[in-house]
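Here the structure comes first, spelled out in structure tokens, and everything after it is commentary.
The values are calculated or read from the model by the stated rules, or taken from the named source; none is laboratory data. The structure displayed is predicted, hence computed values, not measured ones. Positions of Cβ are generated from backbone atoms using ideal geometry, with glycine treated the same way; all protein chains shown enter the neighbour counts.
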Amino acid sequence: MHQALLLGMYYYTYLKKKTRRVAKESGIEWVEKTLHNETSCYNMFRMNPPVFEMLHDVLVQSYGLLSTSRMSSREALGMFLWMIGPPVPVRQAEDKFTRSMETISRKFEHVLECVFNLAKDIIRPSDPNFSTVHPKIADHKYAPFFNNAIGAIDGTHVKVIVTGKKVGPYFNRSKEKSQNVLAICDFDRRFTFVAAGIPGSAHDWTVLQEVMQRYSDNFPRAPPGMWPWFCSGCHCCGKLLHMFCE
């Protein structure tokens, strides 16, 4: 009796296949329809159609984004951008794109790897030595008082799902589970450094110190006599100017 029960469970779990779903609208059809409506494209993918096309071409030509027999590169990128927005669980993507959970997970990780490699090339200072004063600072009404500034730095919190004994450090002051994200941008509003992963309970100053130690090789460091602008959430030190946010 026990063996028959196990055999029945194995059959219904692994051998008995459900009727193949027939999508009223395939994933690639939805992506292409969305791209033809600028408002829908921005709402679903957080970017305009020309930006989507440029991002797709860069990822395909330089970072290994591939089409497969199961999903094209355009559908994979559209699915990835749609999922990371709200964000959307894998199970909802599986239902919307009428794909298996395995396919959704594998293609998401593939696009994520390509985007990660792109980020390593573009999220960096255009001039690592900061040898010149940016025109927006040199021509500013407060010049030359800010001529030694190399950019702006600030942080934010991103909600995370943490279970088990590790959850404690991730509760922030709003009693939500989050991780800190620290970012630096230049005066062209381009990100030059981003770091994430430090639990939400950490103070801003602790986050900065941890990031400078953990990513010391990539952290933009001001030459002697220069400093980055800093947000009001942290204390002053010899290398940072304490700026008050409006």
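Structure values in brief
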item	result
Flag if Asp121 is charged (D, E, K, R), surrounded by 11 or more Cβ atoms within 10 Å (Cβ to Cβ) and at pLDDT 85 or above	no
Condition check for Ser73: out of contact with any Pro (no Cβ under 7 Å at 6 or more places or on another chain), surrounded by 12 or more Cβ atoms within 10 Å (Cβ to Cβ) and either under 29 Å from Val158 (Cα atoms) or modelled with pLDDT of 90 or more (or both)	yes
All positions within segment 122-145 that are among the acidic types (Asp, Glu) and not assigned by TED's automatic domain parsing to the domain that holds Ala222	Asp127
Answer from Arg46, Arg74 - the residue that is assigned by TED's automatic domain parsing to the domain that holds Phe97, of a type in the set (D, E, K, R) and more than 16 Å from Ile104 (Cβ to Cβ)	Arg46
Selection count, segment 162-218, where residues are of a type in the set (Lys, Arg) and in a helix (DSSP H, G or I)	3
Any chance Arg106 is loosely packed, with under 11 Cβ neighbours inside 10 Å, out of contact with any helix residue (DSSP H, G or I) (no Cβ under 6 Å at 6 or more places or on another chain) and of a type outside the set (Asp, Glu)	no
So Phe116, is it in a helix (DSSP H, G or I), exposed (fewer than 12 other Cβ atoms within 10 Å of the Cβ), not charged (D, E, K, R) and not assigned by TED's automatic domain parsing to the domain that holds Gln179	yes
Restricting segment 66-97 to residues that are of a type in the set (Ser, Thr, Tyr) and touching a helix residue (DSSP H, G or I) at 6+ places or on another chain (Cβ under 7 Å), the residue that is farthest from Asn43 (Cα to Cα)	Ser67
Options Ser178, Ser174: the member that is small (Gly, Ala, Ser), surrounded by 14 or more Cβ atoms within 10 Å (Cβ to Cβ) and modelled with pLDDT of 90 or more	Ser178
Some residue of segment 135-152 being surrounded by fewer than 12 Cβ atoms within 10 Å (Cβ to Cβ) and within 30 Å of Glu210 (Cα to Cα)	yes
Output for segment 85-101, where each listed residue is exposed (fewer than 11 other Cβ atoms within 10 Å of the Cβ) and of a type in the set (D, E, K, R)	Arg91
Every pair of residues 6+ apart whose Cβ atoms lie under 6 Å, when the first sits in segment 127-146 and is under 12 Å from Ala222 (Cα atoms) while the second is not in a loop (DSSP other than H, G, I, E, B)	Phe130/Ile150
Any pair with Cβ under 6 angstrom, 6 or more apart, that starts in segment 15-35 at a residue that is at pLDDT 70 or above and ends at one that is among the polar types (S, T, N, Q)	Ile28/Ser72; Thr34/Ser40
Selected residue (criterion: nearest to the chain's Cα centre (by Cα)) from residues of segment 53-102 that are part of a loop (DSSP other than H, G, I, E, B) and among the aliphatic types (A, V, I, L, M)	Val88
Residue that is surrounded by the fewest Cβ atoms within 10 Å (Cβ to Cβ), among those in segment 19-43 that are assigned to a helix (DSSP H, G or I) and either hydrophobic (A, V, I, L, M, F, W, C) or not assigned by TED's automatic domain parsing to the domain that holds Met83 (or both)	Ile28
